[in-house]
1. Counting only residues that are assigned to a helix (DSSP H, G or I) and open to solvent by 60 Å² or more (accessible area, probe 1.4 Å), which one in the range 144-155 is farthest from ligand 1 (Cβ to nearest atom)?
2. Starting from the range 37-59, keep only residues that are closer than 22 Å to ASP119 by Cβ, then list their pairs with residues that are away from ligand 1 (no atom under 12 Å from the Cβ) and assigned to a helix (DSSP H, G or I) whose Cβ atoms are within a distance under 6 Å, requiring at least 6 positions of separation or different chains.
3. Can GLU180 be described as among the acidic types (Asp, Glu), touching a residue at least 24 places away in the same chain (Cβ under 8 Å) and within 16 Å of ligand 1 (Cβ to nearest atom)?
4. Could you please let me know if VAL112 is at pLDDT 95 or above, part of a loop (DSSP other than H, G, I, E, B) and over 13 Å from the mean Cα position of the chain (by Cα)?
5. Have a look at ALA75, ALA144 and point out the one that is touching a helix residue (DSSP H, G or I) at 6+ places or on another chain (Cβ under 6 Å), touching a residue at least 60 places away in the same chain (Cβ under 8 Å) and at negative phi.
6. In the range 45-61, which residue that is among the small types (Gly, Ala, Ser) and in contact with an Asp or Glu (Cβ under 7 Å, 6 or more places away or on another chain) is nearest to ligand 2 (Cβ to nearest atom)?
7. Answer yes or no as to whether GLY139 is buried (at least 17 other Cβ atoms within 10 Å of the Cβ) and without any contact (Cβ under 8 Å) to a residue 60 or more places away in the chain.
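The values are calculated or read from the model by the stated rules, or taken from the named source; none is laboratory data. Quantities reported herein were computed from a predicted structural model and do not represent experimental measurements. Neighbour counts are summed over all protein chains in view; Cβ atoms, including those assigned to glycine, are modelled from backbone coordinates with ideal geometry. When the accessible area is computed, the model is the full protein with side chains, heavy atoms only, and any ligands, DNA or RNA have been set aside. Shrake-Rupley method; radii C 1.70, N 1.55, O 1.52, S 1.80 Å.
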Amino acid sequence: MPATRTANFEQRIAELPLHVHTPVEWARAALADPLALLVDHAFLEKKAANNAMDLMARWPGDWAPGWVETLTGVARDEAAHLSQVVRHLSKRGGRLTRLHKNPYANGLREKVRKGEMGDLLDRLLVSALIEARSCERFGLLAAAAEDRELGGFYGALFSSELGHYKVFLKLARRVTPRDEVEERWQEMLAWESVVIRRQEPGSRIHSW
Ligand SMILES: [Fe+2]
Ligand SMILES: [Fe+2]
C-alpha cells in the first residue's frame, strides 16, 4: 500500500472518538491467518444485520424521523457486506464454521440498562461503538493487507462502517435529549476502552 494511502487512513482513524487506539501491530497479527479473520468477520456482518432488524422488532414504529428506513438501510448494507465477505472467503478456499463467540459485543452489552428508553439509548450507543471500532480495524487492515483485493475491500468497509457509526449516534440523538446522549456516550466510550483491551489476541476483528 502506498505511504500516502496509509497516512490517509491514519488521519481518518485518529478522528474517531475511540478512547483507546489499536496498536498498528494488531493488523499484521490479525492478517497472519486471513481465512480465520474472514470467518470471524462474516459472523460479525451477520450479527450487525440481525442487530438492525432486532432494534426494529423491539422498537417498532416512529421512534425517530426515518427510524425504519435507516435501520432497514443498515440491515441491507450489512447483508451485502456478509455476502462480500463470504465471496472473499470461498475464493480463498475457506468456509464458514458453525460456532462463533463474540466476547467483545457481549462485554459492551453488560452496561445496557433495563427499561424502555435507557435500554434503547444504550443499544444504539453499543451499536455505534461496535461500528466505530470496526471502522478503525478495517482502516488498519486496509493499510496493512498485502493482498490488494482484500486491502481494497477493507478500505471500502472503513467508509461504510464510518457511516453506520454516525447513523447510530444520530438515531440516539433523535430518541433522547442531546446532553443526556453526550454524557452516556462518554461513559460508554470509556467502557469500550476497557472491554477492547481485555480481548484475547488472534485473527479476529475485535481481538486485542
Ligand atoms: Fe458491515
Ligand atoms: Fe456496519
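1. Restricting to residues being assigned to a helix (DSSP H, G or I) and open to solvent by 60 Å² or more (accessible area, probe 1.4 Å), the top hit is ARG148.
2. Filtered contacts from the range 37-59: ALA52/LEU71; LEU55/LEU71; MET56/LEU71; TRP59/LEU120.
3. Answer is no for this residue.
4. Criteria met by VAL112.
5. Step by step, each of ALA75, ALA144 is checked, and only ALA144 is touching a helix residue (DSSP H, G or I) at 6+ places or on another chain (Cβ under 6 Å), touching a residue at least 60 places away in the same chain (Cβ under 8 Å) and at negative phi.
6. The selected residue is ALA48.
7. no
Listed here are the residues, each with its yes/no results for (1) over 18 Å from the mean Cα position of the chain (by Cα); (2) open to solvent by less than 70 Å² (accessible area, probe 1.4 Å).
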| residue | (1), (2) |
| --- | --- |
| LEU162 | no, yes |
| VAL175 | yes, yes |
| ARG197 | no, no |
| GLY202 | no, yes |
